[in-house]
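Worksheet: one structure, shown below.
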Amino acid sequence: MKQIHFTTTLLMLFVLGIAACDKDDPSTPIDMAARVMLTPAEATIGMSEAATLELRAEYIEDSVFAVSLEVEYDPLILRFGGYSTTDAAVFGSEAVEFVHDDTSVHIAFSRINTEASIYPNGLICVLVFEPVAVGQSVVSAPLASAVFYDRAGRPLAMDGLETVQSVVTVH
Amino acid sequence: MQYNNSLPGVRWILAVALLVLVGTASSQTVAINEFMASNENTIADPGGEYDDWIELYNVTDVSQGLSGFYLSDDLANLQKWALPDTVLPPNAFLLIWADEDLDQQGIHADFKLSAGGEALVLSLANGTIVDSLSFGEQTTDISRGRFPDGLGGFQFMLATPGAMNTDELPGETPMIAINEFLASNDTGAVDQNGEHEDWIELYNYGATEISLGGLYLSDTEADLHQWAFPDTVLGANEFLIVWADDDGDQEGLHANFKLSASGEMIVLSDADSNIVDDVAFGIQDSDVSYGRYPDGTGDFRYMYTTFSAPNVNDGPGGEEEELLFGDSLIHEVNLDFFTEAWQESLEYNFEVLDKQYMPATLTFDGLVLDSIGVRYKGNSSYELSGNTPKKSLQFKFGEYVDDQKLYRYKKINVHNGVSDPSFVREALAYKLARDLVPAPRTAYADVTVNGEPLGFYIIVEEVDKVFLAEHFTSNSGNLYKAADDGGTLEYRGSDQANYYAEYELKENEDINDWTRFVAMIDTLNNVPADRIVSSLSPILNIDGCLRELAFNMVISNFDSYTGSSRNFYFYEDPASGQIQMLPWDLNESFGVYTNGWNVWEQSLTAVDNVDHRPLTRVLLSNDSLRAVYLGYVDMLVHGAAAATVIAQRATILHELISDYVIADPNKVYSDQAFLNNLNSDVFVDVGRRIPGITSFVSARDLNIEFQLTNDFVYPGDTDNNGEVNALDILPVGVYFGETGQARQMQTFAWAPAPTLLWSTVAASYADANGDGTVNERDIVAIGINWLYTHSASAQSFEISPDDAALFWEHRAAFEMLYSSVSGNSEAAAELRALLESVLDIEPTIPTSFGVSQNYPNPFNGSTRIAFTLPETEAVTVTITDILGRVVATPFVEKSFTAGAHELMIGLDDAASGVYFFKLVAGSHSATHKMMLLR
């Protein structure tokens, strides 16, 4: 009986192991496309709160010196409340930053030429949106607006660049 | 409207004959026939004003409706002015006043002509160009027109508005020529002071004496009247020496300029600045003159000096060269093959047997050479030639008979002109190249095979040991040629075998030592910029490379290193130790091969392939070398490549070869294409445009002039004062939102990019990335290029930080910049400090009431209004919709003191659309339109 019990246990562990492996099947390809994203993908705020979204870049393999892009949102639902960077921000402390909101948020960050280029994978800046009305607003960076520049100031051809939006719900 | 229908019988026959020649190949119905861009005394319009005019001509024998035709002087707007809905009878003329007087009687276009030169285009509603031309500087009361009407090339002429053109010019050109000159006189003739000075020889080749008073000599087109002849006479067939030594105090004739042995130009002109004769020349050897043979009218060649005496057809190059090469020489050439299937054999030898020769007997102007080698040649030209027997050929005279030569030559190339309807491109381009660097010579040939006409060809000198001996002290060095797929001069490592795919060693193949060539490439690619000139100079003739790059750019010869990376040689000159760059294969010059660029507007310095053209990149990124390069460009467009010079040379050649080209039984292009392409673009195949020679050069020269005179943008140096610093935020603020022409290359790269046409010149500098808009992206350039410097331009657009009125006018933009720019960098801190300073400056109490346009506009939700009051007033702001209904009154009788103020107004609940805000302050009021966009 012990042997049967042991065997059964082994079988159960084996089955469980197989099941566990299925969840992280290495045959499932990981999406490695370069992207500009707003996170979190979803945020829900009340009328007295603000949504804090991170503008991030991932899987960019080119070394970059500057970026220019726009962030769009629904002004009937949200208003732009400002931005901030942290010490962890990829463009670092030696940069000229331009962030201006009119019909969308215009963002242009450039490192100073005495500094090295960067791989901008990580936090670019934090964007704050305040509620205007109850509803839902997509916050996104249109692909056509996103331009990365190399150290020489030349636009980089980033084939396959994706953008990932965030959806902010105001209740 | 005015038109003349005046064609007596003889001219009807001529017109019909021309139409027969044209046949179905031509689609042109109406031609730009004549114009005058500077009219002071010639003809007055119905309003009595002497205005510019354009004459159209119906080249057909049927009436042409003009509805749907457009005239323009703006290549970016072909439909600038629509012709009236009228009919032009057969072979009739129509006079159009280019004077913007649309309300006057007659036909008046809504643009004027520029006497300095521009373009004219006649087109259809669907964008099809019917006729076009570009022209340069115009002379007052001299028109420019086609002769013969409708089909001929453009030339200056006595004006005949509304009537048939004439090829007469007012006054006769004196028959005096720049006959010979010596620009480096070490041991030759001496002047009155016993000094070996430069000299210029004039020759009267006419039958009557010529008064020299009123004639001028110069070595620059910028000042044609640099030196005036005294009031003296030069007899028929007499010579006259003018010393070019700037010794005006000496006896004799001494011009107030010297000649440059490195090359420049000499111009003989009259009192009206008409060019009587001119010559542009390249490098001159000591005690070797450059003169015409025969005297007065012949081509220039290097020759033994004949000071104030008839020239001799002899010089360091020997006599025989003039028997073969000469731009105006046309040879009778016959090849006798042993087989009637010679075409098939030549094709088989080329395609299958790796370009093997086959024997033929050559008869060259009566001279017979037995068993020369003949083969087809070419890369793209071979493919383009298709099935025609008239492909490009190479003759190798000693292929089968040891040491057999034609005169001194072992090989010649015989080109079929497959890419050139005008058939003058190679002759013109090589002649221009020879003024700058060692380059092949040309001639023409009418070729028969086995007694039957094959076609008309251009002969091009082979670059081989014979050529090298002509131009270098030694011809024993290595000669490399770019491979068919091109050679970029990028570094591939130290192993010479890595370069075999891109270059072919044409001499000393048995030794096969590429060491020096590879070392040159290594240095070019891998030595830092601060040492590149000193490192490269010993092994590369940098000056020669700059000349060639300038040549390629001026005539848009882009099937070259500059563009395709093809068609050039490098010669390792043992005597100097330097490697020399030599041009080759110029049949697609003058804009035929585009390399994907705009051949009329390509930037002189911002070239988008420099990552793979290290020679271009390295030389043009060096300030000093770039200045030299631009100097050569300037020299060309004002000298040998000037539109008038090229037009004159091209026209002479075109007329010389016309009968032969038209009689060619295997010609590639129609007679009309040949006739037109001298001056006009020709459209061949689908979407393939071959620029007209003179129209292209006129437009290209204009564009280059603009580039040279309007400076360059260094991205980030928005005020163009030579340095990128905080002050460069000021033009961005002043011109924020302005738009204009985008540059071909949109980049912040620290390299000069040509400015383009903007309504505000300064704004084009604020457009740092060249995308056509001044916006936040241009601030990126200030960061990327922070504190970079360049040689300050003569034209800067510095804005004083104390210009309070200017900042007040653009306060909204500066406030936006201040609220938007941040960061912890030194640059960001300086920018913010400057903006704070700018915004803290308060203007004095305004003396008048004023209300600015709201900002932003369009707006979403709220927007700002700025206004000034000369005294305290109660202010009311009312917002109405487009129907005049009041939608909001954000301010009612609110008191404001004298000074400048801003209000924020909003339309939270209104729908998108046009609204008006009205601000009333006492007896003053102002209304502005604004746009709400949700």
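The values are calculated or read from the model by the stated rules, or taken from the named source; none is laboratory data. What you see is a predicted model, and the numbers here were worked out from it, not measured in a lab. Positions of Cβ are backbone-derived with ideal geometry, glycine not excepted, and every protein chain shown enters the neighbour counts.
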### Query
Can we say B:Phe814 is within 14 Å of chain A (Cβ to nearest Cβ), at pLDDT 90 or above, part of a loop (DSSP other than H, G, I, E, B) and surrounded by fewer than 24 Cβ atoms within 10 Å (Cβ to Cβ)?
no
### Query
Just to be sure, is B:Asp85 acidic (Asp, Glu) and touching a strand residue (DSSP E or B) at 6+ places or on another chain (Cβ under 9 Å)?
yes
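This table checks each residue for (1) of a type outside the set (Gly, Ala, Ser); (2) not in a loop (DSSP other than H, G, I, E, B).
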{"residue": "B:Gly116", "(1), (2)": "no, no"}
{"residue": "B:Asn126", "(1), (2)": "yes, no"}
{"residue": "B:Arg146", "(1), (2)": "yes, yes"}
{"residue": "B:Gly150", "(1), (2)": "no, no"}
{"residue": "B:Phe156", "(1), (2)": "yes, yes"}
{"residue": "B:Thr160", "(1), (2)": "yes, no"}
### Message
Being acidic (Asp, Glu) and within 18 Å of B:Val437 (Cα to Cα) is the requirement here; does B:Glu588 meet it?
### Response
no
### Task
Kindly check whether there is at least one residue in the stretch B:721-740 that is of a type in the set (Val, Ile, Thr), away from chain A (no Cβ under 14 Å) and within 20 Å of the chain's Cα centre (by Cα).
no
## Note on the structure
Residue count, the stretch B:401-422, condition under 36 Å from the mean Cα position of the chain (by Cα), touching a residue at least 60 places away in the same chain (Cβ under 8 Å) and closer than 20 Å to B:Pro359 by Cβ, comes to 3
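Matching residues to (1) modelled with pLDDT of 85 or more; (2) crowded, with 18+ Cβ neighbours inside 10 Å:
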residue: B:Thr709; (1), (2): no, no
residue: B:Pro715; (1), (2): yes, yes
residue: B:Thr718; (1), (2): yes, yes
residue: B:Gly722; (1), (2): yes, no
residue: B:Leu730; (1), (2): yes, yes
residue: B:Phe736; (1), (2): yes, yes
residue: B:Ala742; (1), (2): no, no
residue: B:Thr747; (1), (2): no, yes
### Message
Criterion first (farther than 26 Å from B:Ala550 by Cα, outside the structural domain of B:Glu137 (by TED's automatic domain parsing) and in contact with a Leu (Cβ under 7 Å, 6 or more places away or on another chain)) does B:Asn725 satisfy it?
### Response
yes
### Message
If a residue must be more than 14 Å from A:Val147 (Cβ to Cβ) and touching a helix residue (DSSP H, G or I) at 6+ places or on another chain (Cβ under 7 Å), how many such residues does the stretch B:765-782 contain?
### Response
5
### Query
For B:Asp370, all conditions in the list (1) surrounded by 17 or more Cβ atoms within 10 Å (Cβ to Cβ); (2) touching a Ser or Thr at 6+ places or on another chain (Cβ under 6 Å); (3) closer than 30 Å to B:Pro389 by Cα hold save one; what is the number of the exception?
(1)
### Query
Out of the residues in the stretch A:101-133 that are of a type in the set (A, V, I, L, M) and in contact with a helix residue (DSSP H, G or I) (Cβ under 6 Å, 6 or more places away or on another chain), which is nearest to A:Ser145 (Cα to Cα)?
A:Ala108
### Message
Cβ-Cβ distance below 9 Å, separation of 6 or more or different chains: which pairs start in the stretch B:644-659 with a residue that is farther than 20 Å from B:Leu268 by Cβ and end on one that is part of a helix (DSSP H, G or I) and hydroxyl-bearing (Ser, Thr, Tyr)?
### Response
B:Ala650/B:Thr694
### Query
Which condition number in (1) without any contact (Cβ under 8 Å) to a residue 40 or more places away in the chain; (2) farther than 25 Å from B:Glu118 by Cβ is the one that B:Asn720 fails?
(1)
#### Entry: strands (runs of 3 or more DSSP E) within the stretch B:353-416 that include 1 or more residues of a type in the set (Asp, Glu)
B:367-376
## Note on the structure
Screening B:Gly398, B:Gly386 for residues that are of a type outside the set (S, T, N, Q), over 38 Å from the mean Cα position of the chain (by Cα) and surrounded by fewer than 20 Cβ atoms within 10 Å (Cβ to Cβ) leaves only B:Gly398
### Message
Which pairs turn up if I take residues in the stretch A:134-163 that are away from chain B (no Cβ under 12 Å) and farther than 29 Å from B:Ala753 by Cα and look for partners that are among the small types (Gly, Ala, Ser) and surrounded by fewer than 14 Cβ atoms within 10 Å (Cβ to Cβ) with beta carbon separation below 6 Å, at least 6 apart in sequence or on another chain?
### Response
A:Gly160/A:Ala33; A:Glu162/A:Ala33
### Message
Condition (residue is of a type in the set (A, V, I, L, M), in a loop (DSSP other than H, G, I, E, B) and within 14 Å of chain A (Cβ to nearest Cβ)) applied to the stretch B:834-855: is it met by at least one residue?
### Response
no
#### Entry: Residues satisfying the stated conditions in the stretch A:81-94, i.e. away from every other protein chain (no Cβ under 11 Å), surrounded by fewer than 18 Cβ atoms within 10 Å (Cβ to Cβ) and within 25 Å of A:Glu115 (Cα to Cα)
A:Thr86, A:Ala88
### Task
Can you tell me which residue among B:Val661, B:Val668, B:Val645 is part of a loop (DSSP other than H, G, I, E, B) and of a type outside the set (Asp, Glu)?
B:Val668
### Query
at negative phi, within 13 Å of another protein chain (Cβ to nearest Cβ) and in contact (Cβ under 8 Å) with a residue 12 or more places away in the chain, is that true of A:Glu97?
yes
### Query
What residue, of A:Leu78, A:Leu55, is more than 25 Å from B:Ala829 (Cα to Cα), more than 9 Å from chain B (Cβ to nearest Cβ), surrounded by 19 or more Cβ atoms within 10 Å (Cβ to Cβ) and among the hydrophobic types (A, V, I, L, M, F, W, C)?
A:Leu78
### Matching residues in the stretch A:60-75 - criterion: being more than 12 Å from chain B (Cβ to nearest Cβ) and either in contact with a His (Cβ under 8 Å, 6 or more places away or on another chain) or at pLDDT below 90 (or both)
A:Ile60, A:Glu61, A:Asp62, A:Ser63
